[in-house]
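J.: Below is the structure I would like to discuss, written out as structure tokens.
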Amino acid sequence: MGLDGTTGRPGMAMRWNGSARGERGASAVEFALVVLPLLVLVFGILQFSFYFWAWQSAGNAARSAARVGAVDPCDTAAIRTAATHALDGTPTDSTPTVAVTTASPVEVGDDLTVSISFETVDLGFFPFFDPTIDTSVSSRIENLPAGGC
């Protein structure tokens with residue numbers, strides 16, 4: 001067979017076109033079969049990215065609030081405010097819940113625990129995905145006000 005798609009004999013030229021009549025629409029079907037898993041992958045990456053962003057933000061907010069609490073464990077309002085300010089801009093579907101736990105009576109060297117819980121953005125593509133973020137951080141109390149708590 002020659003390079004020009006002919007057999008080499010006069011009058012016996014063969015046509016080489018890539019699509020036969022029985023394969024019409026095959027590329028559309030193949031595209032549909034490839035694009036569906038690709039879209040699931042892309043939206044899965046987006047969903048996990050939102051979850052990871054919220055999880056990181058919650059951990060940072062809990063650590064920030066625990067640092068505030070280590071210096072002044074008596075002012076739980078300031079600890080909660082530090083946590084909620086650190087969560088500003090975090091993708092949430094609910095209001096974050098901030099809990100502060102200390103020993104009673106509070107003494108220097110005791111543990112102070114800050115727990116944060118909220119629901120992150122759920123894109124709705126994966127019904128088995130739990131969008132709830134729960135994190136807690138403990139810190140040692142370093143200072144007490146003169147009168148105690």
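Readers should treat all values here as calculations from the given coordinates under stated rules, not as data from a laboratory. The structure displayed is predicted, hence computed values, not measured ones. Ideal geometry is used to build each Cβ from the backbone, glycine not excepted, and the neighbour counts take in all protein chains shown.
J.: For residue 45, project a label point 7 Å along Cα to C-beta. Then give me every residue of the stretch 115-133 with its amide nitrogen under 15 Å of that point.
T.: Under cut-off, by backbone N: nothing.
J.: Ok, one more. If the chain between residue 113 and residue 84 were fully stretched, how many nm would it gain, using 0.36 nm times the residue separation less the Cα-Cα distance?
T.: Extra length from residue 113 to residue 84 when fully extended: 8.9 nm.
J.: On to the next question. In square nanometres, what is one fourth of the surface area of the convex hull spanned by the alpha carbons of the stretch 23-140?
T.: Numbers: hull surface 34.6 nm².
Value for the stretch 23-140: 8.7 nm².
J.: Kindly express, to the nearest 10 degrees and within the range 0 to 90, the angle between helix 26-71's C-alpha long axis and the longest C-alpha principal axis of the chain.
T.: Roughly 10 degrees between the two axes.
J.: May I ask for the net charge around residue 109, where only other residues with Cβ less than 10 Å from the Cβ of residue 109 are counted and Lys, Arg are +1 while Asp, Glu are -1?
T.: On the way: positive: 140; negative: 107, 110, 111, 142.
Net local charge, residue 109 excluded: -3.
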